[in-house]
Amino acid sequence: MSRSRPMFPARRSLIQRIVSPDVLAPLGVGVLFLLAWDAFVQISGLPPYLLPRPGLVLQTLIDNWNELFASLMVTLQITVVAFLAAAISGVGISVLFTVNKWIERSLFPYAVILQTTPLVAIAPLIVIWLKENTFGALVLCAWIAAFFPVVANTTLGLNSVDRNLNNLFKLYNTNPWQRLIYLRLPSALPYFLGGLRISGGLSLIGAVVAEFVAGTGGAKSGIAYQILISSYNLQIPKMFAALLMVTSLGILIFIGLSALSDRLLRDWHESAIKPES
Amino acid sequence: MLQPAITLSHVTKVFSTGTIALQDVSLTVGDGEFLSLVGPSGCGKSTILSLIAGLSLPTQGDLCWQIPEYRQELAFVFQDAALLPWSTVKENIRLPLKLAGISRAESDQLVDEAIELVGLTGFEKAFPRQLSGGMRMRASIARAIVTQPKVLLMDEPFGALDEITRNKLNEDVMQLWHQKRWTVIFVTHNIYEAVYLSTRVAVMGVNPGRIVDELQIDEPYPRSEAFRQSAQFGQYRHRLATALATGMGSVSIL
Ligand SMILES: Nc1ncnc2c1ncn2[C@@H]1O[C@H](COP(=O)(O)OP(=O)(O)OP(=O)(O)O)[C@@H](O)[C@H]1O
Ligand SMILES: [Mg+2]
């Protein structure tokens, strides 16, 4: 046992992680699905403008890579800005809620209203109001879609401090600020990260929905624009290719945030602890 | 007779649920005393500690610090270890010093001493979940003593431990107390432990929570295994067991 780091489980190598059932099982399902799709199109003889074969989608993706990738980057920008805004404002709002019960009581319902109002219904308004700043409008829409999980989860976390630890801090005559920094925020971290994982996907969805609503206008056009235009022009393979990109981006965001969460919690939180073999 | 440090006079504690946790409890804790509270589960032992710690207030009666300075120099070892799961052993033990605004450089030596005292050297960088229950408890004790408290409240610190570990930690706590002359209030279920460690034992009864008997243990320190084997130890134990039985009197378990 080493002196400095006793009892840490060995980290698994990259290859071991890739060959694990967690990766292989869903991959197998995916391959089966693609094979079935391909067979179905071939047997039924559907034309590509109704349902293209997977190979054609891939070919289209490669052929149009530069154009599609540029669009994806535009969407990614909106997503990232909205996501960061959701993360930061979410924590800020939650902290504000816990400062005073009255703030939570009076504002929380409005957070819920903002969350439950369909984004497609309010996005046109926002786009009109912020006519000169399309980017800002899109970010705002994506933020509305993304901020609630962070607020709800972090608020729950800030209020879920262990009673004994709370007593301990009372005993040490701590001020509310110290309790926030050293007790409540760390206690809320796993909840916050859980909220982030949901918000990551939601900010992407929010960005795509907002782009749809904003329509084809605007000089810099995101991936939703590509999907729209392709469907107008009956370029269905291209539409599928764009869809594939959005989905992949969503998966990447989720994997990235899960990895971040595991990294931050791996030493102490049950959710991130690798079982001993 | 010791100078009184803390007195409880006619203290009653009724919780909002209507539970009468303590009824008319009067107790004096002497300066430098090792006082044990024994009694059946639910008799209000933890409640007495949290009243003394100021974590809750008596419904009736008075709690008075006869030596007011002591009030600021209080440490509490909770029934479970209550460590910060996200901090290493070392940072957990440093916590009270950090919250008191003492710099890392200054606290380093104190923390290392406390770690050594409880025998956790080599585990400074481990997280609480990587420790056994006994080691967690020792970390919790180290965190309590790192501030050099005048009054140490311990709530069944060894309740969940095996007998060998318990005996070892008993020995350590007794030595510490003997060296530093702290005032210790020690809650336990265990009669052996109470007799072995304490200068005085208060026996509590349940329904309602109250003090039914007090027993002075007149045996010089440091105490040794020989005391545990002596006839006198047996007599103390017997008296405590009898007092406990009267305290349980009104309750019948079917
Ligand atoms: N916060 C609370 N609210 C309501 N009732 C409580 C509360 N804390 C304790 N009680 C009640 O007060 C009584 C005494 O509780 P206390 O925790 O002091 O017992 P104890 O002697 O420490 O028991 P144990 O040995 O099991 O720890 C119990 O009946 C308990 O149900
Ligand atoms: Mg208790």
Ignoring ligands, DNA and RNA, what percent of the accessible area of chain B is carbon or sulfur (1.4 Å)? 52 percent
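Would you mind telling me the share, in percent, of accessible area of segment A:96-198 contributed by carbon and sulfur at probe 1.4 angstrom?
65 percent
Sort B:185-192, B:206-213 for me by packing, meaning the mean count of neighbouring Cβ atoms within 10 Å per residue, highest on top.
B:185-192, B:206-213
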Rounded to whole Å and ordered largest first, report the semi-axes of the equivalent ellipsoid of chain A derived from its Cα gyration tensor (root of 5λ). 40, 29, 14
Using the alpha-carbon centroid of each, what span in Å lies between segment B:9-71 and segment A:161-199? 28 Å
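Given the rule -39500 (n - 2.57) for each run of at least 4 DSSP H residues, summed and divided by the residues of chain B, what is its mean residue ellipticity at 222 nm, to the nearest 500 deg cm²/dmol?
So the helix-based figure for chain B works out to -11500 deg cm²/dmol.
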Just how much of A:E211 is accessible, in Å², when a 1.4 Å probe is used and the result is rounded to the nearest 10? 10 Å²
Reachable lysines from A:K131, criterion Cα separation under 27 angstrom, eight or more residues apart if same chain: A:K220
Could you state how much accessible area B:I20 has, in square angstrom rounded to the nearest 10, with a 1.4 Å probe and all protein chains kept in place? 70 Å²
Relative compactness, segment B:84-148, computed as alpha-carbon Rg over 2.2 N^0.38 Å: 0.98
For every helix of n ≥ 4 consecutive DSSP H residues, a contribution of -39,500 (n - 2.57) applies; sum these over chain A, divide by its total residues, and give [θ] at 222 nm rounded to the nearest 500 deg cm²/dmol. -25500 deg cm²/dmol
Number of partner chain Cβ atoms within 10 Å, mean per residue of B:129-138: 2
At the level of C-alpha centres, the distance separating segment A:107-131 and segment A:245-262, in angstrom, is 26 Å
Please give the helix B:104-117 orientation as an angle from the longest Cα principal axis of chain B, in degrees from 0 to 90, rounded to the nearest 10. 50 degrees
Solvent-accessible area of B:M248 with every protein chain in place, 1.4 Å probe, in Å² to the nearest 10: 60 Å²
Loss of accessible area when A meets B, both sides summed, Å² nearest 100, probe 1.4 Å: 2400 Å²
13 Å Cα-Cα reach of A:K238 towards aspartates and glutamates, excluding residues that sit fewer than 8 places from it in its own chain: A:D63, A:E67
Projected area of the protein assembly as shown, taken from the Cα convex hull and averaged over every viewing direction, in nm²? 34.7 nm²
From the C-alpha gyration tensor of chain B, pull out the three semi-axes of the equivalent ellipsoid (sqrt of 5λ each), sorted largest to smallest, in whole Å. 30, 22, 18
Go through B:K98/B:K150; A:K274/B:K125; A:K170/B:K13; A:K101/A:K170; A:K170/B:K150; A:K101/B:K98 and tell me which ones have a Cα-Cα distance over 24 Å in this structure. A:K101/B:K98
If packing is taken as the mean number of other Cβ atoms within 10 Å per residue, what is the order of A:228-237, B:84-93, highest first? B:84-93, A:228-237
What whole-number value in Å² describes the accessible area per residue of chain A for a 1.4 Å probe? 57 Å²
In nm, what is the difference between 0.36 nm times the number of residues separating B:S41 and B:I102 and their Cα-Cα distance? 18.1 nm
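The values are calculated or read from the model by the stated rules, or taken from the named source; none is laboratory data. Nothing here was measured: the structure is a model prediction, and the numbers come from that model. Note: ideal-geometry Cβ built from the backbone for every residue, glycine included; neighbour counts use all protein chains shown. The protein model used for the area step is the full one, side chains on, heavy atoms only, and it has no ligands, DNA or RNA in it. Shrake-Rupley method; radii C 1.70, N 1.55, O 1.52, S 1.80 Å.
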